[in-house]
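Okay, structure first, notes after.
The values are calculated or read from the model by the stated rules, or taken from the named source; none is laboratory data. Please read all numbers here as calculations on a predicted model, not as lab measurements. Note that each Cβ is placed from the backbone with ideal geometry, even for glycine, and that neighbours are counted across all protein chains shown.
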């Protein structure tokens, strides 16, 4: 798959009954394996009942909430995809829940034993939104031996294979014109991108592109451009100390104030506040 995955956190925890009402939105993917107890994982468009013997995926940038009225034991894996370009996960409708097996639990148990330094800090929940020093974990991963990073990368691919087995390719990914537009956006994130440019690239009229794109993606092409730039900004805020004004410029925003307002509109925090929350 040639994907650049970084394992930020990996561990086991027992959660007491709790309700996380404020949606959690992270620039990384979360995978949970429920060992004991039951809980609810709430997305904007559905509620998923979590039960033992299953794995659950929360894609990056996906708002979600967690609640449970009983103690829950679970394993967790937080994975950052570092490539700026689209990754294969974006081409599939992945299930939120898949049945796992004893091998899954053994895999988690083994890797939690091998990499205790990737556990979340004591007292920090694996399901809520907290000020966790994710950048420290990013540096921890980078400091691992190459064979260790390869081991963790292999674990991610094994777990993702369970979800990919039950996924369907998205209709926009199957349409070469729309897929091409999305690739164009990914490859030109540092530029100002207009609908006219996208239409020319796809060899479509502007009106046809807007109509077709909205039908498939449920947003306009320009809304998609903004969405992807805000997502990349989240990664950049996590991975570096680059000033917010420089991040805005690197993403094609000549007015940093406009970028800050746009970021806050989409994320609910200013870029600087968001960075503080991510680095702890």
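Among the candidates 192, 105, which residue alone is more than 21 Å from the chain's Cα centre (by Cα), on the phi < 0 side of the Ramachandran plot and not in a helix (DSSP H, G or I)?
On the way: 105 fails: not in a helix (DSSP H, G or I).
Of 192, 105, the one residue that is more than 21 Å from the chain's Cα centre (by Cα), on the phi < 0 side of the Ramachandran plot and not in a helix (DSSP H, G or I) is 192.
Do you know which residues across the stretch 200-223 are under 10 Å from residue 178 (Cβ atoms) and surrounded by 13 or more Cβ atoms within 10 Å (Cβ to Cβ)?
Initial filter on the stretch 200-223 (under 10 Å from residue 178 (Cβ atoms)): 202, 204, 209, 212-213, 215-217, 221.
Once the filter is applied, which keeps residues that are under 10 Å from residue 178 (Cβ atoms) and surrounded by 13 or more Cβ atoms within 10 Å (Cβ to Cβ), the stretch 200-223 yields 202, 204, 209, 212, 213, 216, 217, 221.
Mind checking which residues of the stretch 150-182 are closer than 30 Å to residue 255 by Cβ and more than 18 Å from the chain's Cα centre (by Cα)?
178, 180, 181 - these are the residues of the stretch 150-182 that are closer than 30 Å to residue 255 by Cβ and more than 18 Å from the chain's Cα centre (by Cα).
Residue by residue through the stretch 1-29, note down the ones that are loosely packed, with under 15 Cβ neighbours inside 10 Å, assigned to a loop (DSSP other than H, G, I, E, B) and modelled with pLDDT of 85 or more.
Matches in the stretch 1-29: 16, 17.
Spot the failing condition for residue 235; the list is (1) over 17 Å from the mean Cα position of the chain (by Cα); (2) in contact (Cβ under 8 Å) with a residue 60 or more places away in the chain; (3) within 22 Å of residue 136 (Cα to Cα), and only one is missed.
Here residue 235 clears every test but (1).
Among the residues in the stretch 104-111, are any closer than 18 Å to residue 30 by Cβ and in contact with a helix residue (DSSP H, G or I) (Cβ under 6 Å, 6 or more places away or on another chain)? Give the derivation first.
In the first step, residues of the stretch 104-111 are kept if they are closer than 18 Å to residue 30 by Cβ; the result is 104-105, 107-108, 111.
In the following step, the residues that additionally are in contact with a helix residue (DSSP H, G or I) (Cβ under 6 Å, 6 or more places away or on another chain) were identified as 111.
There is at least one residue in the stretch 104-111 that is closer than 18 Å to residue 30 by Cβ and in contact with a helix residue (DSSP H, G or I) (Cβ under 6 Å, 6 or more places away or on another chain).
Could you check the stretch 30-55 and list, in sequence order, the residues that are in contact with a strand residue (DSSP E or B) (Cβ under 9 Å, 6 or more places away or on another chain) and part of a loop (DSSP other than H, G, I, E, B)? Can you show your working first?
Step one: list which residues in the stretch 30-55 are in contact with a strand residue (DSSP E or B) (Cβ under 9 Å, 6 or more places away or on another chain), which gives 30-44, 47-55.
If the condition is that a residue be in contact with a strand residue (DSSP E or B) (Cβ under 9 Å, 6 or more places away or on another chain) and part of a loop (DSSP other than H, G, I, E, B), then 37, 38, 44, 51, 52, 53 are the ones that fit.
Answer yes or no: is there a residue in the stretch 78-98 that is surrounded by 14 or more Cβ atoms within 10 Å (Cβ to Cβ), farther than 18 Å from residue 160 by Cβ and not assigned by TED's automatic domain parsing to the domain that holds residue 181.
Within the stretch 78-98, one or more residues are surrounded by 14 or more Cβ atoms within 10 Å (Cβ to Cβ), farther than 18 Å from residue 160 by Cβ and not assigned by TED's automatic domain parsing to the domain that holds residue 181.
Can you name the number of the only condition in (1) assigned to a helix (DSSP H, G or I); (2) assigned by TED's automatic domain parsing to the domain that holds residue 261 that residue 163 fails?
(2)
Please find, among 56, 61, 75, the residue that is within 24 Å of residue 136 (Cβ to Cβ) and at pLDDT 95 or above.
Details: 56 fails: within 24 Å of residue 136 (Cβ to Cβ); 61 fails: at pLDDT 95 or above.
Selected residue: 75, the only one of 56, 61, 75 that is within 24 Å of residue 136 (Cβ to Cβ) and at pLDDT 95 or above.
Looking at the stretch 124-134, is at least one residue assigned to a helix (DSSP H, G or I) and at pLDDT below 95?
Residues of the stretch 124-134 assigned to a helix (DSSP H, G or I): 134.
Applying the additional criterion that residues be at pLDDT below 95 yields 134.
Yes, some residue in the stretch 124-134 is assigned to a helix (DSSP H, G or I) and at pLDDT below 95.
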